[in-house]
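**Q** One structure, as structure tokens, below. Some questions next.
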Amino acid sequence: MMKTRGLEGVVATKSSICSINDGVLRYRGYNIDELAECSTFEEIIYLLWYGRLPLKDELMALKQELNDHVDVPSEMFRQLKAYPIEHTHPMSVLRSAVSTLGIFDAHEDEMNETANKAKALRLQAKISTIVAGLGRVRQGKEPIPPRHDLSFAANFLYMLNGELPSEIEENAFNRALVLHADHELNASTFTARVCVATLSDVYSGITAAIGALKGSLHGGANGRVMKMLEEIGSVDRVEAYVDQALKEKRKIMGFGHRVYKNGDPRAKHLKDMSYQLTRLKNEPKWYDISIKLADILRERKGLLPNVDFYSASVYHCLGIENELFTPIFAVSRTAGWIAHIFEQYNDNRLIRPRALYIGPESMPYIPIEERNKVDII
Ligand SMILES: CC(=O)SCCNC(=O)CCNC(=O)[C@H](O)C(C)(C)COP(=O)(O)OP(=O)(O)OC[C@H]1O[C@@H](n2cnc3c(N)ncnc32)[C@H](O)[C@@H]1OP(=O)(O)O
Ligand SMILES: O=C([O-])CC(=O)C(=O)O
């Protein structure tokens, strides 16, 4: 029986989508550094789903298809407004919204490659509209209908902020989407694969994955990073904050990683973007606090920033509220989840491990009339 806590180091499946070897992250063999510099999120969707980079016309066709499906049923937003949004985390709303989207899809339970690809496309296009609309509704504003002529990144920022992003903003958001798109067998991807390995549908797989991404040990850390930076407030308060947190044995959000022990290769890109955007928006303190925090944690605990750390100040500078950071992570990771769902369907076997039972054995059943505490504990 396997006894590794949290399945650390366990190889649970074969995959040709994403690799992490010697601290180097690759999508389908392409180094993340090169993809972050050169590619668009639409290209990454193609790469993850179809296994190779697209040709020009293939990329055009994918962009067209995404744009064709970017509208969501008006009923979706009516439902969204009916949720008690003021006191519900947007990840919970998103979890319900994606599940609802499945209900509106007449082909939800159709199980063949063509139908699954069509559902994936609809989901990837619409999840962006839902998250941007949710961001608006949370601020008491009306959702803005998507445009059909913009890049994935620009359309999201347009639907959220009501104005076209600058080139710098569009590029930064595109790069963040590229960097978050997939990450081997992380907890939410594993969840999606377990779900669809029962031959459940794509919407169920993504809904399950959203539930897993929400947690603070996973994607839920990014919003909490910004909350922490705000709580710290200035560079001269960083040291005292870290001392107190470590004394109370609190986890510092955005640091540490199960797989990377010498640093997350995505963090340096987000760090550069954080520097650029905090200067551009005249809010340098978020970067300065982040740098000091990272220096102290490296010195004291050998802990290094993960993908969630610098993405916080990046999103903040793009005018996005903290609570929407994790839903945005989900918009990007949907590309990876879907690639893994396809891979799972293509060579499926039910995922059903065993547990090492450590509870009591051979307990005699005592009828309730005769039961007392001593007999049952
Ligand atoms: C997209 C993503 O999911 S990236 C991860 C996002 N999550 C976070 O940023 C939350 C903060 N980080 C963490 O909780 C962890 O580092 C995780 C969940 C990412 C990895 O967890 P694990 O691989 O299980 O490592 P584990 O929690 O056992 O940590 C090992 C040691 O480092 C410490 N440690 C790890 N991360 C942190 C942290 N962020 N702050 C303080 N201490 C930490 C642990 O307390 C533990 O110390 P101990 O051995 O003295 O008990
Ligand atoms: O791989 C992990 O465990 C978490 C992570 O960084 C991600 O999902 O991007």
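The values are calculated or read from the model by the stated rules, or taken from the named source; none is laboratory data. Values in this document were obtained by computation on a predicted structure and should not be read as measured data. Because the Cβ atoms are built from the backbone with ideal geometry, glycine has one as well, and the counts that use them run over all protein chains shown. These area figures cover heavy atoms from the full protein model, side chains too; ligands, DNA and RNA do not enter into them. Shrake-Rupley method; radii C 1.70, N 1.55, O 1.52, S 1.80 Å.
**Q** Between Q64 and T13, what is the FRET efficiency for a Förster distance of 30 Å, r being their Cβ-Cβ separation, to the nearest 0.05? Don't jump to the answer; show the numbers that get you there.
**A** Values: r = 33 Å, r/R0 = 1.10.
That pair, Q64 with T13, gives E of 0.35.
**Q** Could you estimate the translational diffusion coefficient of the range 221-317 from the Stokes-Einstein equation, with Rh from the Kirkwood formula over C-alpha pairs, at 25 °C and 0.890 mPa s, in whole µm²/s?
**A** 186 µm²/s
**Q** Post the alpha-carbon centroid distance, the range 17-42 to the range 342-361, in whole angstrom.
**A** Between the Cα centre of the range 17-42 and that of the range 342-361, the gap is 29 Å.
**Q** What is the ratio of the Cα radius of gyration of the chain to 2.2 N^0.38 Å, with N the residue count, to two decimals?
**A** On the way: Rg = 22.0 Å, N = 377, 2.2 N^0.38 = 21.0 Å.
Rg over 2.2 N^0.38 Å, computed on Cα atoms: 1.05.
**Q** Per-residue accessible area for H257 at 1.4 Å probe radius, Å² rounded to 10?
**A** 50 Å²
**Q** Helix hunt in the chain: which complete DSSP H runs extend at least 24 Å axially by C-alpha with mean Kyte-Doolittle at least -0.5? Show your work: numbers first, answer last.
**A** Working: long enough: 113-138 (37 Å, -0.03); 284-301 (25 Å, -0.72); 325-346 (32 Å, 0.31).
Those that pass (Cα extent of 24 Å or more, hydropathy at least -0.5) are 113-138, 325-346.
**Q** How much net charge surrounds V131 when only other residues with a Cβ under 13 Å from its Cβ are counted (Lys, Arg +1; Asp, Glu -1)?
**A** +3
**Q** Report, by chain and number, residues whose modeled amide H sits under 5 Å from the one on F255, excluding near sequence neighbours (fewer than 5 apart, same chain).
**A** Placed amide hydrogens put N306 under 5 Å from F255.
**Q** Of the listed pairs K117/K214; K141/K251; K126/K285, which have alpha-carbon separations greater than 27 Å here?
**A** Table pairs above 27 Å Cα-Cα are K141/K251; K126/K285.
**Q** Which percent of the accessible heavy-atom area of the range 135-239 goes to carbon and sulfur, probe 1.4 angstrom? Before the final figure, lay out the partial values.
**A** On the way: 1970 of 4030 Å².
Percent of accessible area from carbon and sulfur atoms in the range 135-239: 49.
**Q** Between L350 and R237, what length comes free when the chain is fully extended (0.36 nm per residue of separation minus the Cα-Cα distance, one decimal in nm)?
**A** Contour length minus Cα-Cα distance gives 35.6 nm.
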